[in-house]
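The values are calculated or read from the model by the stated rules, or taken from the named source; none is laboratory data. Computed from a predicted structure; not experimentally measured. Cβ sites come from the backbone with ideal geometry, for glycine too, and all protein chains shown count toward neighbours. All accessible areas refer to the heavy atoms of the entire protein, side chains included, with ligands and DNA or RNA removed. Shrake-Rupley method; radii C 1.70, N 1.55, O 1.52, S 1.80 Å.
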Amino acid sequence: MEKELILSSHAVGESNFHIQLTPAFRRPIFGNEKVAELTLAYILEKLVDMKVQIVAYNYGPDHLHLFVANVRFVSEIELVKNIKGYSSRMMRKNFWSLFRKYLWGKKFWTEGHFYRSVGAVNKETMKHYIEDCQDKHWEKIEKPKIVKDFQKKLF
């Protein structure tokens, strides 16, 4: 397994995470393709601001898996706090009508999240896990066009 290390003027290494986020009350809001597409678009926007790369992702109707790489300028908790906060604020502000029957109040995400540092696993393995191995847990949702276009740029 070949490791991809990032070089900078003062450091050498890698910092990759598998993150799972869950909507408030574990409601199936991502069964709506538009909600899934817009939420991911806001997350991608924030990741670009934070100079973090997204390698792979997948949805269940009631959760989202992300595999992110190059997490160098923020801690894991800052990363999650920023993407959850920004995507929640923008979704509630601009698209509340798409999911209001499932969520109420000012909540979009649950308070917690799952994360695992995946430095010992290569990106292809995580991409395979996130995109292909979760089928038994949910019905696969077609990737929105905005995400397909974004992934073409990544790979």
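Taking the conditions (1) surrounded by 19 or more Cβ atoms within 10 Å (Cβ to Cβ); (2) touching an Asp or Glu at 6+ places or on another chain (Cβ under 6 Å); (3) under 23 Å from Glu111 (Cβ atoms) in turn, Ala56 satisfies each one other than (3). Restricting Asn32, Asn16, Asn58 to residues that are within 18 Å of Phe95 (Cα to Cα), polar (S, T, N, Q) and in contact (Cβ under 8 Å) with a residue 60 or more places away in the chain narrows the list to Asn32. The criterion of being at pLDDT 95 or above and surrounded by 20 or more Cβ atoms within 10 Å (Cβ to Cβ) does not hold for Thr22. Among the residues making up region 66-110, a single one is open to solvent by 30 Å² or more (accessible area, probe 1.4 Å), among the β-branched types (Val, Ile, Thr) and assigned to a helix (DSSP H, G or I): Ile77.
Can you find, within region 97-138, the residue that is farthest from Ser15 (Cα to Cα) among those that are modelled with pLDDT under 85 and of a type in the set (D, E, K, R)? By that ranking, first place goes to Lys136.
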